[in-house]
Every structure is written in C-alpha cells, then in structure tokens.
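Here's the structure, in structure tokens; my notes come after.
Where a number appears in this text, it was derived from the coordinates with a stated rule and is not lab data. All of these numbers come straight from a predicted model, not from anything done at the bench. Cβ coordinates were reconstructed from backbone atoms using ideal geometry, including for glycine residues, and neighbour counts include every protein chain displayed.
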Amino acid sequence: MSVSVPIEWQRRIERLEALEAIRRVKARYLNACDQQDPDSARDCFASGQIEIDMGHLGVFRDRDAFAELYRTLGCHPHVLDMHHAANSEIDFTDDTHATGLWSLDYRNINTQGKTVTFLSVLYHDEYQRIEGVWKITKSRSEFKTALHCSYADGPLTALLAARSVAG
Amino acid sequence: MSVSVPIEWQRRIERLEALEAIRRVKARYLNACDQQDPDSARDCFASGQIEIDMGHLGVFRDRDAFAELYRTLGCHPHVLDMHHAANSEIDFTDDTHATGLWSLDYRNINTQGKTVTFLSVLYHDEYQRIEGVWKITKSRSEFKTALHCSYADGPLTALLAARSVAG
Amino acid sequence: MSVSVPIEWQRRIERLEALEAIRRVKARYLNACDQQDPDSARDCFASGQIEIDMGHLGVFRDRDAFAELYRTLGCHPHVLDMHHAANSEIDFTDDTHATGLWSLDYRNINTQGKTVTFLSVLYHDEYQRIEGVWKITKSRSEFKTALHCSYADGPLTALLAARSVAG
C-alpha cells in the first residue's frame, strides 16, 4: 500500500532539494560571469528590489542595473575572469528564505592592461524561493585578500598585496 | 504502520542520491589525476565508447586510450598538478542520464621545465548510470583562460596570458 | 493516510543529511581559518581526543592545542589566507562515522615577509556524529604541491617550487 509521506519527512526532503537549488543558482551566476553572459547572470537574482553590494564597485538595487554595469565593465575579450566559490554555509530562515556564506576565489587576467589579479572574497548572500524558484535577493562581497600584479615587462610584478582591494 | 513510499517521493530521494553520486565520480576523477593514479582515473569513465575531448591534447574514444596518454604525459615526479572543480550545474535527462557543467581551476608546476601554469576550463560532461553506478561518458574541456609563466631565472615571467591555451 | 516512512528510506534521507552536515562542518572550519576565528575553528573538532596532523607544522591531539597554535601563528593582520576545499569524497563507516578526502587550494599572502604561497594539500579526514552533531575527529594534511614566492623586490620570485613544502 502506498500512502502519503509524513509531513516531517517531506520537509526534510524538500530542505535537501532547496540546498541543491540554492547551490545551483549560485553556480549558474558564477559560471555566467565567466561566460560573459549578463542575461543569464541577471536571471539568478530576484526581479524586485534586491541588494548587490560589491564594495568599491558599487551597490545595486535591481538586477538590471547590475547586468548593465557587468555588461559595460566585464564583458570584453581582454577581460579573462575565473569565479570559483567554495565552503558554502547555507542556513534556512524558513521554507522560502535562506542565508549563505561562500568563499570566492577570483582570478582575473587583463590582456589589455597586462595585469593578473588574485582576490579572495566572502559572499554574504540571501536567497528567496519565489514562485517555486530560488533566487538571490542579497549578495554582499566582503573583500578579504588581494594580490594585483603587472606583467607588462614580462615578470609578474606585485602592484598591490593587501587585506583589501583598497590596499 | 510502515508501508511503501510513494513513487514520486522515491524518485525525489533517488535524484538527490544521483546528484551526490555524480559529484562523487567527478571528484574521484580529479583527485586521481592529482594522485597520478591512472587506473582510478580511468575507472571513472564508462567502459564502452565514450568521448573525452581535451582540445589541443586530443580526443579519446575509450578510457584505456585516455589512461595511457595520461600515464605517459602526466604521471611523472616533475609534474605537479592541482585540479579543482567548482560551480557544478547538473541536469537530468532521465533517471540514468545527466549532463554537467563544471568550472575547473587547474594549476601546474613543472619542476623540470621550471614553469607554472594557471588555467581555467569549463567541463561539459555527460554521465550515465550503468549497472547502478554513475560513470562519465563524455567530457569536453572548453579552455577559458591561461596564464603560463617561467621561473627558470627566478622571477615568474609571463610566457602566455590569453583566452585560450593556443594564445 | 500518513504513516511512518520505512526504515530503509529513513536511512537514505538521513545519509543525505549527514553528507550535508559533514560538508558544512568542513566549510565552517575553512571559513573560520580565513576569518581568523580560532574559537569557531576549534568547535569544528570533537572535544575529546582527536588527531590533527599538519605535517611539518605539528600533530595536535586536542582541539585546544590546535586553536592555540592557530591563534599564535595564523591570526595576525599581515597573514592573508585563503582555504578552498573541493573534490570531496565522503564514505560512511556506519551511521555515526565517516571518512573524507578533500583537495585543498591554499593561498597565503604575507604582507610582512612579502611572500606569496600557493599550496595544494589532500585532507584525509575522519568525522563522527556526537550528540547529533557531526565533528571532525581526525585530519591529516598530505602536502602535494608548493610554490613559494617573494615579492620583496617587486617581481614574484620563486623561492620554492616542489612536490612538498620541504622541497
């Protein structure tokens, strides 16, 4: 005989599925950034009021403004980005809201400026399940470490090695 | 009273388990590469016809051919590899087939040639459940960014910084 | 009608939850290291006898001794760490014991000594569920590759590029 699964166990399965969905939307965002696909990156965020706090790069209150900046600054043949997120710590506030901490390893090669940059960043995120789909509603970048080098003369020469991007 | 779990919920649990199994076989493959364990790396692929497309390094149609090349080129004391995959996006075609996108951070130190190489690569994978075990059946490496340096004279000197390995 | 879930399926769900909990405690440990939060890092380990084998850095038999060393050596404004773990392979010995293999990408910038270090390390871990909470009971660091550079004169100059930290 097949009957309904007790609510407690349903919720445990749904919680596991929610974890997968949240990791997935974050992965999509990061891969979209490396694929220079601003539309796909934008769709990872909720459509209403959100907060993307990128520190010295600005704070964005809606996903279109973010996508526009990203398209202008980031989507060029000479900008070579790698965004790798690890060490995720995701907590559920309730069935449709969660927070997330991630560690980002960011590497940029700028073949025009001839620079290589290694950053580590902590993402402080919030997620919301909207019409059945988990979206990012808040993402604050806490810059942790920065190594910025020039290779204009051949040797990689440190221009900045500091706790934050500001030096 | 304990009765059978409805099929819908069984499938949801099995899907979560499949996600874990797919991530696991990819992890095994990458760790085996860093452990210079070609037998273990080979066993992550299906035994029949597969496709491993490593771009300029060649295309392999069976796992033995791949393992042989890997043993010849990669398994030496002077080859120091790190393969780190992140940002996985796994989709199920059906209960026994899935596709996967991963971002790879690859670092190589060659103590013979005195070079250091940082690559980022997107893996476009396919997986199949064969006799209950998830295996990799297709893996195409899309090279995204490359920084290749020599340290023969001490300073890390950029030999190549480009969107692809070819320059 | 809602009835109890068969034990087999309960265990499968609990196994999936255990995987999440183990990944989570490892993530917390790594992020705590980057946040220079020794109390939080210490709490990721079991309170009784454990084994943290960090090779040339020493072997610790209890979490307080580890936290003390970490506080003394690691928690300074000039020490800029990034710990990124990937490729996890977690196996259950039974319902309350598991082993884990992880690949660590470690980057350190020392703004006092003006050095940059890239390490890759394999973690060989053991975990135990104690009073319902998964903790790390054993962690052995197998150092795989090391690139240690000085930037004291500007150019990143290789001081050590080797299979192990010892050279």
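Based on Cβ point charges of +1 for Lys and Arg and -1 for Asp and Glu, what charge dipole magnitude is obtained for region B:82-167 about its Cα centre, in debye rounded to the nearest 20?
Here the size comes out at about 420 debye.
Per DSSP helix of 4 or more residues, -39500 (n - 2.57); summed, then divided by the residues of the protein assembly as shown. What does that give at 222 nm, rounded to the nearest 500?
Estimated from H runs of four or more residues: -9000 deg cm²/dmol.
May I ask you to list the residues of region B:110-125 whose amide nitrogen lies under 13 Å from a point 7 Å from Cα along the Cα→beta-carbon direction of residue B:51?
Backbone N within reach: B:124-125.
Quick one: check the C-alpha center-to-center distance for region B:105-120 versus region A:11-45, whole angstrom.
31
Which of the trypsin sites (Lys or Arg not before Pro) found in region C:19-86 are loop residues per DSSP with 15 or fewer other Cβ atoms within 10 Å of their Cβ?
C:61
How far, in nm to one decimal, is residue C:71 from itself in the other copies if the label point is set 7 angstrom along Cα toward Cβ? Shortest first, please.
5.3, 5.3
Charges on Cβ only, +1 for Lys and Arg, -1 for Asp and Glu, centred on the Cα centroid of region A:7-162; of A:83, A:101, A:30, which one is farthest towards the dipole's positive end?
A:83
Find the relative contact order for region B:29-103 and round it to a whole percent, using C-alpha pairs within less than 8 Å whose residues are 6+ positions apart.
Dividing the mean separation by the residue count of region B:29-103 yields 26 percent.
For residue C:114 and residue C:69, FRET efficiency with R0 = 22 Å and r from the beta-carbon atoms, rounded to 0.05?
Working from the Cβ atoms, E equals 0.40.
Given charges of +1 on the Cβ of Lys and Arg and -1 on the Cβ of Asp and Glu, with all other atoms neutral, how large is the dipole of chain B about its Cα centre, in debye to the nearest 20?
So the dipole magnitude of chain B works out to roughly 300 debye.
For A:78-85, what's the mean count of beta carbons from other chains sitting within 10 Å of each residue's beta carbon?
Mean number of neighbouring Cβ atoms from other chains: 6.
Using the Cα centre as the reference, give the magnitude of the dipole from point charges on the C-beta atoms of the protein assembly as shown (Lys, Arg: +1; Asp, Glu: -1; all else neutral), rounded to the nearest 20 debye.
800
For chain C, build the convex hull from the C-alpha positions and give me its volume per residue in Å³.
Cα convex hull per residue, to the nearest whole number: 129 Å³.
What's the angle, to the nearest 10 degrees (0 to 90), between helix A:7-34's Cα axis and the longest principal axis of chain A?
Compared with the principal axis, the helix lies near 20 degrees.
How far is residue A:140 from the same spot in each other copy, in nm, shortest first, if each label point sits 7 Å from Cα toward Cβ?
The answer, with the shortest distance listed first, is 4.2, 4.2 nm.
Could you work out the relative contact order of chain A, using alpha carbon pairs under 8 angstrom and six or more residues apart, expressed as a whole percent?
Relative contact order comes out at 18 percent.
If each label sits 7 angstrom from Cα along the C-beta direction, how far apart, in nm, is residue B:56 from its counterparts in the other copies?
3.3, 3.3
Compute the angle between helix A:63-74 and the longest alpha-carbon principal axis of chain A, please, reported from 0 to 90 degrees and rounded to the nearest 10.
30
Please give, to one decimal in nm, the separation of the simple spin-label points placed at residue A:78 and residue C:11, each 7 Å out from Cα toward the Cβ.
It works out to 6.2 nm between the two label points.
Name the residue farthest towards the positive end of the dipole of the protein assembly as shown from the options C:133, C:92, A:67, assuming +1 on Cβ of Lys and Arg, -1 on Cβ of Asp and Glu, about the Cα centre.
It is A:67.
Using the C-alpha gyration tensor of the protein assembly as shown, what are the square roots of 5 times its eigenvalues, in whole angstrom, with the largest one first?
The answer is 35, 26, 26 Å, longest axis first.
Report the FRET efficiency, 1/(1 + (r/R0)^6), for residue C:20 and residue B:142, where r is their Cβ-Cβ distance and R0 is 51 Å, rounded to 0.05.
Using R0 = 51 Å, I get an efficiency of 0.95.
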